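Chemist: Below is a structure I'd like to ask you about.
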Amino acid sequence: MTTYIVRRLLLMIPTLLGITIMVFAISRIAPGDPVSLSMGPGGQLDAARAADVRKARMALYGLDKPIPVQYAKWLGRVARLDFGDSIKHHRPVIDIIKERLPITITLNLIAFVLIYTISLPLGVLVAVKHKQFLDRASSVLLFMLWSLPSMWVGQMLIGYFCGPTFKNWFPPAGLSSNYAEQLPFFPWLADRLWHLVLPVTCFTYSGFAYLTKQVRAGMLDNLRADYVRTARAKGLSNWVVIFRHAFRNSVIPVITIMATLLPAMLGGSVIIESIFSVPGMGLLAFEAVTTRDYNVVMAVATIGGVLNLIGLLLGDIAYAIADPRISFESSV
Amino acid sequence: MNKQQESKVSWGVSYGEMVFREFVKGWLNVVCMVLIAFLFAVAILAPFLANDKPFVIRIDGRLYFPLFQDLRPNDYCVFLAAIIAGVQLFLVRRNRRRVEPSIRSAVLWRQIWVNTGILLAGVILLLIFIPRRLDATDYKAMVASGKGSGAIFAPVPYGYARTDLKMREQPPGREHWLGTDDVGSDVLCRLIHGSRISLSVGFVAVGISSIIGIAIGAILGYFGGRVDFVGMRIVEIMMAIPTFFLIITIVAFFPRSLLNIMIIIGITSWTDDARFIRAEFFKLRNQDFVQAAVSLGLPLRSILFRHMLPNGIAPVLVNASFGIAGAIFIEAALSFLGFGVAPPAPSWGQMLSLGVSTTGRFLWWLTLFPGLAIFFTVLAYNLVGEALRDAIDPRLRKAA
Amino acid sequence: MSRDSVLLSVQGLSVSFSMEDGIAKAVQDVSFSMKKGRTFALVGESGCGKSVTALSIMRLIPDPPGKIVAGGITFDGRNLLELSERRMRSIRGNKIAMIFQEPMTCLNPVYTVGNQIAEAIELHQRKSAREAWADAVSMLHKVGIPDPQQRATEYPHQMSGGMRQRVMIAMAVSCEPQLLIADEPTTALDVTIQAQILDLLDRLQEQNGMSILLITHDLGIVAERASDVAVMYASRIVEVADSRSLFAEPLHPYTQGLLKSLPRLGVSARRLRTIPGVVPEPLHFPNGCKFHPRCPIGCGDKRCQSVEPELRDVRAGRRAACWYAEGYETIEEHKDYESKYGEHKRVPAEG
């Protein structure tokens, strides 16, 4: 197993390099360059002096060197986790990310746990009650849930539950109330959770709808399989057949779904965090794009890619553990 | 029995017809197709449905037709494309009845090329000969002041770019059926014109991503070996960065325009199609008809696109429907965040973002109606995708 | 129980499936009985209802859409159709066991082979996990798998087709059932492996004294291994006999056609003989005798087209369902025929 992990990690390296190349390429292909933008329109006024300043700045940022050299230098800095400074916040980017990243990861983890905890039993239940009312009604509902646009849901939740116009049950923004610092631990925790309810709901509903449908489909296929008939022919009870046999096989593809859910949720965090003003990576990305804080944008893209890859690696390991047909020797 | 009737009996049903028949068995699928057709109609006829210029007005005794004179080349192109698409659909039906199957696809391609040629020629002519005329006359004021009379306005008599700061943020009422937004534009009118943006983003983005995905997937799947190894690494790199992150990264660096958005969504969404086609081509590569084509010495593009592709295209078609829904959603999300098309261009996502005003008021009509529009459009395309998948798969299972 | 006593008796079993396009009567009025310690073969083409019959004995017909609409199944003195599901479960895998056609898909891919065998032992014999595992290993040895200790820890995908079928057999006989239902056990295997598997079944039958209900479409296997045979066609049994008599003198035209179509060593012929036509679909069964459209005697016969012949005792130990089988028709029926339709094709037996 360790050789498998080591091999997968080694295979990840070219992909990581590729991510950095892609991010760097985007930043360089784009029209305009950081220096002109940082100089602003005022820099055009005195042509000769502007040219001098420009040259100096370019040398400062290393923009006068050929592109591969620039890339190598940037890569070297990135490897040391130095993404430069944020133009807006005037702080090293890596510090800002260290503050924001845990929040996004926590939100995603909570959502993941919720999704899997609810979807797995629900999917099994509707598959067992196939073609009955519960199954049909939930299929329709789940499909509609899956198609709901997340910003609409967020906006509606805020409008209807957070404001003076309708109900005022939840706070519309932020992770903690203003007075939270002064509270002892459990009330502080409760306050946090209260703030998290709506954002987590927005994170969860779509992945939950998708996963439940997949579990249901997998269970329906497996319940019709020959080995289930064999298990029943051995005299096993219905529940044992459903859980020990059919479900155990259905779980396998569900693990690989994590590979699709994770990037979707990371991407969705941009929208949801900006709606609810949750200070995570998504909101950081949003602010960075709006203010053209290029260092931050590139850092977020790179780190987002790294996070995704780690998640995929964990998913692959889990998949190899769950399915004995995949041996650790074979390359995936 | 004359020759035509005889041959109709022996032609049987084509793959597309079988899928279509299976598809229309579900009433929900038909409803979705109707909804999609309705959206198309709204998008095509938008200037006639919502316009602040009247169809006809009498000024000083003379009849003027301001709405028709104000139609832009864009609108004419849309009309032309719609007419040609309608003609093409009609021709497809006619081909099924009149033309023999073995030459049917060749005939169809020729018709498509001819029609596309007509369309392109027409578009170029229009762009050359119909310049944009700016007509900022306020016809309603004319009617009100009595200078103009006998005016017939469109059902929603507002222009999407027309602002009216006196009527900002009005809830739905008699004047503005769905209310107004933060600068006083009518919501219903912007919804109608916004359908053009949503649908065009959907189709163009999916078109781009499908073409790229099919091309890459075909090469990887057909050649295999080292080409596949390197190619899959590249595909993995594309898939490694979460799509939305990648999109906003690109959006951060490039100027904002509708075309850019379409292209960006297109070039970031091709990985799924590539994987589907690659898997199909792996399967098809060893089949006898492919080996026969290779042994005949047919050129590579013929083998890939004339022989293998029609057999492997089913999952791409299914994915295309989901892709349209996804592209519409992404465009709305981008516009919602402020990274998409800029006002006054009407985008459903942008309207959605105005739902909570700067003062914290909840303007429910700006949240509900654009949201419903996005929701129903996405829902319809998702349902069509699911139904297509069901129509294609069980049929294959039965046959196997 | 004495050696020749009846172990399983199926009387008038009828099973129907509700499909989208109608109700398919997969099994109609099937009756036969099996003696203890003997092998009974149920023969027929694909789709004739033999598998459904076997599944009905185990009560494994999925309830929507299938249903046992009539009949009784008596096993060891008890009517299986009246038992509670719990009682039935204690019989499945324990007193009656079943093996299926496709060993690859019939074994759960995520559990080891030893685990799956031990599961049945743990359930029915109330042994601990360790004891059950030891039993599983010895069962693997009994069915002729070399190195059973190691094999028991392997997964189905690591084994060949023949070995998987042996595993299935080990699973089935682990609790020493009185009846083993084998649904086309060798159809998916190579010919050489087929012989080995059948030999194994014979050996186990001798050792345990169990009866085997062998379901197959291969008449060669029937001739070699079965002592009694029932032939099924289109949801009904058309002939029952001991296997020697069946092959020596088939009474039903369908059986005759099947036997004629077998290629024979030493006989030269240009073409293999076939039964013309195809097996009818359950949703579109013909009226009257279901075989009549393909029957050399009954095709065109008015009675065969309208009245379905029931399965009757024709001689000692032989039953058939054909108006023109020797010894089938009574004199009254013969006269009735002649008065209705005129000339008769065959002279009935006396008395």
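The values are calculated or read from the model by the stated rules, or taken from the named source; none is laboratory data. The shown structure was predicted, so the numbers you read here are calculated from the model rather than taken from an experiment. Methodologically, a virtual Cβ is constructed for each residue, glycine included, from the backbone with ideal geometry; neighbour enumeration extends over all protein chains shown.
Chemist: Please identify the pairs in which a residue from region A:114-126 that is more than 9 Å from A:V215 (Cβ to Cβ) has its Cβ atom under 7 Å from the Cβ atom of a residue that is among the hydroxyl-bearing types (S, T, Y), counting only partners at least 6 apart or on another chain.
Modeler: A:L114/A:T204; A:I115/A:T204
Chemist: Continuing with the same structure: Answer yes if at least one residue in region B:212-221 is among the aliphatic types (A, V, I, L, M) and part of a loop (DSSP other than H, G, I, E, B), and no otherwise.
Modeler: Within region B:212-221, none of the residues are among the aliphatic types (A, V, I, L, M) and part of a loop (DSSP other than H, G, I, E, B).
Chemist: Can you pull out the residues in region A:128-141 that are under 31 Å from the mean Cα position of the chain (by Cα) and within 14 Å of chain C (Cβ to nearest Cβ)?
Modeler: Passing the criteria: only A:D135.
Chemist: Quick test for you: out of A:D95, A:D82, pick the one residue that is in a helix (DSSP H, G or I) and surrounded by fewer than 17 Cβ atoms within 10 Å (Cβ to Cβ).
Modeler: Just a single option satisfies the conditions, and that option is A:D95.
Chemist: List every residue pair whose Cβ atoms lie under 6 Å apart, where the two residues are 6 or more positions apart in sequence or sit on different chains, the first residue falls within region B:23-44 and is within 19 Å of B:L191 (Cα to Cα) and among the small types (G, A, S), and the second residue, located anywhere, is in a helix (DSSP H, G or I) and modelled with pLDDT of 90 or more.
Modeler: B:A43/B:S195; B:A43/B:R196; B:A43/B:L199
Chemist: Please identify the pairs in which a residue from region A:91-103 that is under 14 Å from A:I303 (Cα atoms) has its Cβ atom under 8 Å from the Cβ atom of a residue that is part of a strand (DSSP E or B), counting only partners at least 6 apart or on another chain.
Modeler: Here the result reads A:V93/A:D85, each pair linking region A:91-103 to a residue that is part of a strand (DSSP E or B).
Chemist: Being crowded, with 20+ Cβ neighbours inside 10 Å and either among the hydroxyl-bearing types (S, T, Y) or not in a strand (DSSP E or B) (or both) is the filter here; which residues of region C:1-33 pass it?
Modeler: C:S16
Residue-by-condition table, conditions (1) at pLDDT 90 or above; (2) under 24 Å from A:Y116 (Cα atoms); (3) surrounded by fewer than 17 Cβ atoms within 10 Å (Cβ to Cβ):
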site	(1), (2), (3)
A:L157	no, yes, no
A:Q182	no, no, yes
A:R224	no, yes, yes
A:A233	yes, no, no
A:V254	no, yes, no
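Chemist: Would you point out the residue of region C:57-74, among those that are touching a residue at least 40 places away in the same chain (Cβ under 8 Å) and within 14 Å of chain A (Cβ to nearest Cβ), that is nearest to C:K36 (Cα to Cα)?
Modeler: Result: C:I57.
Chemist: Taking the residues in region C:285-302 that are modelled with pLDDT under 85 and closer than 26 Å to C:A26 by Cβ as candidates, determine which candidate is surrounded by the fewest Cβ atoms within 10 Å (Cβ to Cβ).
Modeler: C:C299
Chemist: Take region C:99-108 and flag every residue that is out of contact with any Ser or Thr (no Cβ under 8 Å at 6 or more places or on another chain) and modelled with pLDDT of 90 or more.
Modeler: Hit for region C:99-108 is C:I99, nothing else.
Chemist: Among the helices (runs of 4 or more DSSP H) lying completely within region C:94-150, list those that include at least 2 residues that are closer than 19 Å to A:P324 by Cβ and away from every other protein chain (no Cβ under 13 Å).
Modeler: C:129-142
Chemist: Considering only region C:34-69, how many residues are in a strand (DSSP E or B), under 30 Å from C:Q256 (Cα atoms) and over 10 Å from the mean Cα position of the chain (by Cα)?
Modeler: 3
Chemist: Taking B:A274, is it within 19 Å of A:L309 (Cα to Cα), surrounded by 21 or more Cβ atoms within 10 Å (Cβ to Cβ) and of a type in the set (A, V, I, L, M, F, W, C)?
Modeler: No.
Chemist: Might you let me know whether region C:261-269 holds any residue that is surrounded by 15 or more Cβ atoms within 10 Å (Cβ to Cβ) and not hydrophobic (A, V, I, L, M, F, W, C)?
Modeler: Among the residues of region C:261-269, not one is surrounded by 15 or more Cβ atoms within 10 Å (Cβ to Cβ) and not hydrophobic (A, V, I, L, M, F, W, C), which makes the answer no.
Chemist: May I pose another question? Testing A:T117 on (1) touching a Leu at 6+ places or on another chain (Cβ under 8 Å); (2) away from every other protein chain (no Cβ under 14 Å); (3) part of a helix (DSSP H, G or I), one condition comes back false. Which one is that?
Modeler: It is condition (1) that A:T117 fails.
Chemist: In region A:146-170, which residues are touching a residue at least 40 places away in the same chain (Cβ under 8 Å) and either under 21 Å from B:W365 (Cα atoms) or β-branched (V, I, T) (or both)?
Modeler: Hits for region A:146-170 are A:L148, A:S150, A:M151, A:V153, A:G154, A:Q155, A:L157, A:I158.
Rundown of residues vs (1) surrounded by 22 or more Cβ atoms within 10 Å (Cβ to Cβ); (2) at pLDDT 85 or above; (3) farther than 30 Å from C:I96 by Cα, yes/no style:
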position: A:V240; (1), (2), (3): no, yes, no
position: A:H245; (1), (2), (3): yes, yes, no
position: A:I275; (1), (2), (3): yes, yes, yes
position: A:R292; (1), (2), (3): no, no, yes
position: A:Y319; (1), (2), (3): no, no, yes
position: A:I326; (1), (2), (3): no, no, yes
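Chemist: On to the next question. Residues in region A:269-281: is at least one hydroxyl-bearing (S, T, Y) and not in a helix (DSSP H, G or I)?
Modeler: At the first step, the residues of region A:269-281 found to be hydroxyl-bearing (S, T, Y) are A:269, A:274, A:277.
Add one more test, that the residue is not in a helix (DSSP H, G or I), and what stays is A:277.
The answer is yes; a qualifying residue exists.
Chemist: Do the conditions hold for C:Y328, that is, is it closer than 19 Å to C:S31 by Cβ, part of a loop (DSSP other than H, G, I, E, B) and of a type in the set (F, W, Y)?
Modeler: Considered against the rule, which asks whether it is closer than 19 Å to C:S31 by Cβ, part of a loop (DSSP other than H, G, I, E, B) and of a type in the set (F, W, Y), C:Y328 comes out as yes.
Chemist: Moving to a separate point now. Please report, ordered by residue number, the helices (runs of 4 or more DSSP H) entirely within region B:308-400 with at least 2 residues that are in contact (Cβ under 8 Å) with a residue 12 or more places away in the chain, polar (S, T, N, Q) and crowded, with 19+ Cβ neighbours inside 10 Å.
Modeler: Because the criterion is at least 2 residues that are in contact (Cβ under 8 Å) with a residue 12 or more places away in the chain, polar (S, T, N, Q) and crowded, with 19+ Cβ neighbours inside 10 Å, the helices (runs of 4 or more DSSP H) in region B:308-400 that meet it are B:314-337, B:348-353, B:364-399.
Chemist: Sticking with this structure for a sec: Mind listing just one residue for me: the one in region B:253-284 that is touching a helix residue (DSSP H, G or I) at 6+ places or on another chain (Cβ under 7 Å) and without any contact (Cβ under 8 Å) to a residue 12 or more places away in the chain and, of those, farthest from the other protein chains (Cβ to nearest Cβ)?
Modeler: Among those residues, the one meeting the criterion is B:F254.
Chemist: Taking A:P171 and the conditions (1) within 14 Å of chain B (Cβ to nearest Cβ); (2) at pLDDT 85 or above, which numbered condition does it fall short on, given that it satisfies the others?
Modeler: In the conditions (1) within 14 Å of chain B (Cβ to nearest Cβ); (2) at pLDDT 85 or above, A:P171 misses (2) alone.
Chemist: Which of the helices (runs of 4 or more DSSP H) found entirely inside region B:18-75 contain at least 2 residues meeting this: exposed (fewer than 15 other Cβ atoms within 10 Å of the Cβ)?
Modeler: Here the list reads B:27-44, B:66-69.
Chemist: A further question follows. For B:R196, indicate whether it is over 30 Å from A:V23 (Cβ atoms), in contact with a Pro (Cβ under 9 Å, 6 or more places away or on another chain) and among the charged types (D, E, K, R). Show your work before the answer.
Modeler: On the way: over 30 Å from A:V23 (Cβ atoms): yes; in contact with a Pro (Cβ under 9 Å, 6 or more places away or on another chain): yes; among the charged types (D, E, K, R): yes.
Yes: the conditions hold for B:R196.
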